[in-house]
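Q: I am attaching a structure below and will ask some questions about it afterwards.
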Amino acid sequence: MSTTQKSLVELNFPGFSSDSANFWQAISDFSYVLSNQLDYLNFIISIFGIICNIFHLIVLTRKSMRQLSINIFMIGIAICDLGRMASLIIVLAPQYYKKYQIQNIPWYCITPTFYPTMVSTNISNAVSKFSQELSVWLGVTMAILRALVIKYPLKPRINCLINAKYGIRIMLLVTIFILPFWYFHYWQLTVQEYKLWISPLNCSNNPPNYSQMSYTFMVTDAVGGTFQKIILLSEGILFKLAPSILLPIATIVLVYELKKSKKVKMSNSNDKSTRLVTFFTLSFFIATAPLGILYVMEFFVYDIVGLVNLISNVSNVFQVLTIINGTVHFLICFFMSSQYRNTVRRMFGMKEVMSSLPRKEVTQTKSVVSSVLKKSFSNKVG
């Protein structure tokens, strides 16, 4: 290890012994490489996820599916997932194109990134963060509402929350509350002119005497670092810490009420809706809990640069869970909701499968109805 590298390790991990500092630096370097490699996986999953979420939205927006607030929230979550995955592709595609150019063109002949590409990258980064934050809170809200409905089924003010019109109102309120954070994400960076780039004479991929303005991202500090720290702290508490606490609580309440309903033999369509929301809540918890834990850890080691970088790299690694979570939502709906499956069947011109009573109960019901009709007919004849 060179003297410069050794000094850098000591700066990143002050107060650590030489062996400990080298150990944690090695883990940080590995997590950084792993994070970059997983970006390829995120890119591929996002392409597949866009297709899945478009299909998911087509199903959820059918008239038969728009009656319940649960499905309204799922529409909102699907839009967030779609926006996030599209934004990720917009951000990563120019980077991969640059890597492709480096393999085929001398690095000094590669033109700088165009201004519209820089701006779209900044906007897409903001949309990606906002979509993830909004998606998590729509999942949290849906779980809380479902828990309230099954906890207090006889209260009209709470029971009306299952209707779509109330779901739309609540979803809009949540969106309006979180919307300012999109502007903060976008406002953090600005695109500014850097210098005029002139193509070398031996670059055959560019026209003769070609020049182009190059641009760079600059950190915005318009209102001072204190305000920015407050926003970052609020963002961490609202979108990382709070969901990590509320999601398991909502999951426990839903599972408890689900078991209670089975004991009193109240298993019906409401019971199935509760199962669906429970699985959604559980998937959100699995995807977001690691990020919440890492946020708490970062809070305690904020003055150790090396550990902060390590936690940031590990957080990027766990981002793949949120991408996978957004991709499999349509599968959860398909396997957990008979209404969703029947809607898909109707879309493809297939026959619906009625989720009615068990065959034994249907046979008993038919025999009872038949005997009643026969008795009524004989009385009329007599």
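Q: Near TYR215, within a Cβ-to-Cβ distance under 13 Å, what is the net charge of the other residues, with Lys and Arg +1 and Asp and Glu -1?
A: Here the count lands on 0.
Q: Still on this structure, I have one more. Along the charge dipole of the chain, Cβ charges K/R +1 and D/E -1, which of ILE51, VAL174, SER273 sits furthest on the positive end?
A: The Cα lying farthest towards the positive end belongs to SER273.
Q: For segment 40-55, what does the Karplus curve 6.51 cos²θ - 1.76 cosθ + 1.60, with θ = phi - 60°, yield as ³J(HN,Hα) per residue in whole Hz, taken in order and with x for Gly and Pro?
A: Whole-Hz 3J(HN,Hα) from phi for segment 40-55: 4, 5, 4, 5, 5, 4, 5, 4, 5, x, 4, 4, 4, 6, 5, 4.
Q: Any of LYS240/LYS260; LYS98/LYS129; LYS63/LYS351; LYS63/LYS259; LYS99/LYS129 with alpha carbons more than 21 Å apart? Name them for me.
A: LYS240/LYS260; LYS98/LYS129; LYS63/LYS259; LYS99/LYS129
Q: Now for a different question. Hey, what number do you get for the chain at 222 nm if only DSSP H runs of n ≥ 4 count, each worth -39500 (n - 2.57), divided across all residues, to the nearest 500?
A: Value at 222 nm, helices only: -26000 deg cm²/dmol.
Q: So, with +1 on the Cβ of K and R and -1 on the Cβ of D and E, and no other charges, what is the size of the charge dipole of segment 39-348 about its Cα centre, to the nearest 20 debye?
A: Dipole magnitude for segment 39-348 comes out near 1940 debye.
Q: Positive end of the dipole of the chain, charges at C-beta (+1 Lys, Arg; -1 Asp, Glu), about the Cα centre: which of SER18, TYR40, GLN188 has its Cα farthest in that direction?
A: Sorting the options by dipole projection puts first TYR40.
Q: Among SER17, SER199, rank each residue by its count of other Cβ atoms within 10 Å, from fewest to most, as a rough exposure measure.
A: SER17, SER199
Q: What spacing in nm lies between the two simple spin-label points modelled at TYR40 and ILE245, each 7 Å away from Cα in the Cβ direction?
A: 4.1
Q: Only one of the listed values, [x] 1.31; [y] 1.05; [z] 0.97, was derived from the coordinates as Cα Rg over 2.2 N^0.38 Å; which label is it?
A: Among [x] 1.31; [y] 1.05; [z] 0.97, the one calculated here is [x].
Q: So which cysteines in the chain don't have a second cysteine's C-beta under 4.7 Å from them?
A: CYS52, CYS80, CYS160, CYS333 - these cysteines have no disulfide-compatible partner (Cβ-Cβ under 4.7 Å) in the chain.
Q: Explain nothing, just the number: relative contact order of segment 39-348, from Cα pairs under 8 Å at least 6 residues apart, as a whole percent.
A: 23
Q: I've got another one for you. What order do you get for PHE299, PHE239 when you list them from fewest to most C-beta neighbours inside 10 Å?
A: Exposure proxy ranking, most exposed first: PHE299, PHE239.
Q: How high is the FRET efficiency from ASN209 to TYR100, r the C-beta distance, R0 41 Å, rounded to 0.05?
A: For R0 = 41 Å, the calculated efficiency reads 0.95.
The numbers here are math on the coordinates, done by the rules we state, and not lab data. Source: prediction; values computed, not measured. Heads up, the Cβs are rebuilt from the backbone with ideal geometry, glycines too, and the neighbour counts pull from every protein chain shown.
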